[in-house]
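K.L.:
Once you've had a glance at the structure underneath, I'll fire off some questions.
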Amino acid sequence: MKKLIIEGGRELSGEIKISGAKNSVVALIPAAILTDGKCVIRNVPNISDVNILLEMMQELGSIVTFENETVTIDNRNVKNCRINEEYASKIRASYYFMGALLGKYHHAEIAYPGGCIIGSRPIDFHLNAFTKMGTKVEEEDGIFKLDVDNLHGIDIFFDFPSVGATINVMIAAVKAKGRTRIMNAACEPEIANVASFLSSMGAKIYGAGTSTIIIDGVDTLTDGYIDVIPDRIEAGTYLIIGALLGNNLTITGIIEEHLHSLLFKLREAGVQLDVKNDSITINRNENLKAVNIKTTVYPGFPTDLGQPMSTFLTQCSGESLFEETIYENRMRHIPHLNNMGADIKSFDKTAIIKGKTKLVGRNVKATDLRAGASMLVAGMIASGTTIIYNIEHLLRGYERIVDKLDKVGAYIQLVDD
Ligand code: EPU
């Protein structure tokens, strides 16, 4: 176990370069299994989810290297279709092996996926779609067995535009017979990134990034290449920190369009942003005003930035309303913020945040990944020392976080608990 020690209140200047997107790369790696050839994935963040997925690939028989932010995967010896239960239950994205192994071998065995405890997080959309594509799904002792003789294309309408289900069905459909149409598909940028990767292997995918995706199945795939898009949630987290502590802090390597909902809200609160091609320079503003945040699907305000943004709202004068609409349990960080001096009342999936409140350093917990980001923002602005326990959650999503913040002037240390 590790903990993060932060001395708050330091001004931040200089440059933070954004890494590749966690939620893209965690789908790109399993998707690579579809081809018998080689894949090169560039701009890969060195985070624990990536390392676990690469171990899973090796277990399936892939030869894997990871150096200079580049992963190479050689699938010529892949034979296995069963994923070790221990790996699968460690991370959410292990569910992408269902689509990938079904597409390739018409058979997959995998345990229920793990991930942050932020809601019930069912996978019924994934399994229902696979069933409609001809798959027999059985579950025994928490292990899903998926078998299909003739994986065929179908029309699917999701009740909700699920990121995971959209990507998983898209992966499986690449090698299915005939045409698959995914309607009410998720539009998050990570989906288009995965589609580009699959297309580089010869997949026929149209409309990824819109709410209707069409996939025409193909028999064979070639080698695959892709650059992972920048992590819009990592960028957003540093922009939030910059809005509170920046003195010409520049966040580089971003795609501005992916950050519109956050940039709009920051400007509404009074933050000055200087946006260039792929970077944003940000300065702190002592006179921020309250704004309302409602998380929703892309291009709306991302659920993964709701928690760090709620810490920002404690520094805005007036009453802000923070509403989470995707998950049931995105408020577990609130007691910790209140413990540090915030004035927040939360009911179910809504919080009323009164600002501006002075935050003081305390011992707090990262109850999940983005709750950890909320505590990080709080610790950075609080007076005195904040110690964040269970920091493994945070490290799952932010590459070299201590190094990146230390370089721009933060006092932050990662130590063994
Ligand atoms: N849902 C269902 N049934 C399903 C699938 C989803 O009811 O079969 C519901 C979920 O319970 C949730 C909603 O649909 O209420 C959205 O879930 P979605 O499937 O979009 O989420 P996910 O694929 O499990 C990914 C990211 C999350 C991110 C969400 C939303 C990965 C590995 N995870 O999760 O990332 O919050 O999309 O953008 O890509 C994080 O990075 O901290 C994180 C939680």
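The values are calculated or read from the model by the stated rules, or taken from the named source; none is laboratory data. This is a predicted model, so every value here is computed, not measured. For neighbour counting, all protein chains shown are included, and Cβ atoms are generated from backbone atoms with ideal geometry for every residue, glycine included. Accessible surface is based on the protein model in full, side chains and every heavy atom, while ligands, DNA and RNA are left aside. Shrake-Rupley method; radii C 1.70, N 1.55, O 1.52, S 1.80 Å.
K.L.:
Less than 17 Å from a label point 7 Å out along the Cα-to-Cβ axis of residue 55: which backbone N atoms in the stretch 102-116 qualify, by residue?
P.N.:
Under cut-off, by backbone N: 111-116.
K.L.:
What FRET efficiency comes out for the pair residue 63/residue 212, r = Cβ-Cβ distance, R0 = 45 Å, nearest 0.05?
P.N.:
On the way: r = 37 Å, r/R0 = 0.82.
Efficiency computed from Cβ-Cβ geometry: 0.75.
K.L.:
Please give the charge dipole size of the stretch 227-335, origin at the Cα centre, charges +1 on K and R Cβ atoms and -1 on D and E Cβ atoms. Round to the nearest 20 debye.
P.N.:
Numbers: 9 positive and 14 negative charges, 61 e Å.
Rounded to the nearest 20 debye, it is 300 debye.
K.L.:
Next question. Taking the Cα centre of the stretch 22-227 as origin, work out the dipole magnitude from +1 charges on Lys and Arg Cβ and -1 charges on Asp and Glu Cβ, in debye rounded to 20. All intermediate terms of the calculation are to be shown ahead of the outcome.
P.N.:
Numbers: 18 positive and 25 negative charges, 94 e Å.
Dipole size: approximately 460 debye.
K.L.:
Along the charge dipole of the chain, Cβ charges K/R +1 and D/E -1, which of 317, 305, 366 sits furthest on the positive end?
P.N.:
317
K.L.:
Here is a further query. Kindly give the semi-axes, whole Å and largest first, of the ellipsoid equivalent to the chain, taking each as the square root of 5 times a Cα gyration tensor eigenvalue. List each step's numbers first, then the result.
P.N.:
Details: eigenvalues 288, 88, 81 Å².
That gives 38, 21, 20 Å for the three semi-axes.
K.L.:
Ok, one more. How much accessible surface area, in Å² rounded to 10, belongs to the heavy atoms of residue 66 with a 1.4 Å probe?
P.N.:
60
K.L.:
Sticking with this one: Can you give the extra length, in nm with one decimal, that the chain gains between residue 400 and residue 363 once fully stretched, where that is 0.36 nm per residue apart less the Cα-Cα distance?
P.N.:
Numbers: separation 37, 0.36 × 37 = 13.32 nm, distance 2.21 nm.
Length gained between residue 400 and residue 363: 11.1 nm.
K.L.:
May I ask which residue of 148, 120, 198 lies farthest towards the positive end of the charge dipole of the stretch 22-227, with charges of +1 (Lys, Arg) and -1 (Asp, Glu) on Cβ and the Cα centre as origin?
P.N.:
Positive-most Cα among the choices belongs to 198.
K.L.:
Let me ask something additional. Would you kindly state how much longer the chain becomes between residue 348 and residue 76 on full extension, computed as 0.36 nm times their sequence separation minus their alpha carbon distance, in nm to one decimal? Please list the in-between numbers first.
P.N.:
Details: separation 272, 0.36 × 272 = 97.92 nm, distance 4.98 nm.
Roughly 92.9 nm would be gained on extension.
K.L.:
Taking amide H positions as placed in the peptide plane 1.01 Å from N, state which residues far from residue 246 in sequence (5 or more) or on other chains have amide H under 5 Å from it.
P.N.:
Amide H neighbours of residue 246: 12, 284.
K.L.:
Now for a different question. How big is the charge dipole of the chain about its Cα centre, in debye rounded to the nearest 20, if each Lys and Arg gets +1 on its Cβ and each Asp and Glu gets -1 on its Cβ?
P.N.:
Working: 43 positive and 50 negative charges, 158 e Å.
For the chain, the charge dipole is close to 760 debye.
K.L.:
Report the calculated FRET efficiency for residue 276 and residue 323 (r = Cβ-Cβ distance, R0 = 51 Å), to the nearest 0.05. Kindly include the intermediate steps, with their values, before the conclusion.
P.N.:
On the way: r = 32 Å, r/R0 = 0.63.
Here the calculated transfer efficiency is 0.95.
K.L.:
To the nearest 0.05, how large is the calculated FRET efficiency for residue 160 and residue 407 if R₀ is 35 Å and r is the Cβ-Cβ distance?
P.N.:
Details: r = 40 Å, r/R0 = 1.14.
Efficiency, from the Cβ-Cβ distance: 0.30.
K.L.:
Rounded, prolate or oblate: which fits the stretch 22-227 when a ≥ b ≥ c are the square roots of the eigenvalues of the alpha-carbon gyration tensor, with rounded for a/c under 1.5 and prolate only if a/b beats b/c?
P.N.:
It comes out rounded by the Cα gyration axes.
K.L.:
Here is the link list: 17/265; 289/358; 136/175; 17/38; 265/358; 2/404. Which ones come out longer than 25 Å on Cα distance? Mind dumping the intermediate values first?
P.N.:
Numbers: 17/265 22 Å; 289/358 15 Å; 136/175 17 Å; 17/38 28 Å; 265/358 22 Å; 2/404 18 Å.
Result: 17/38 exceed 25 Å.
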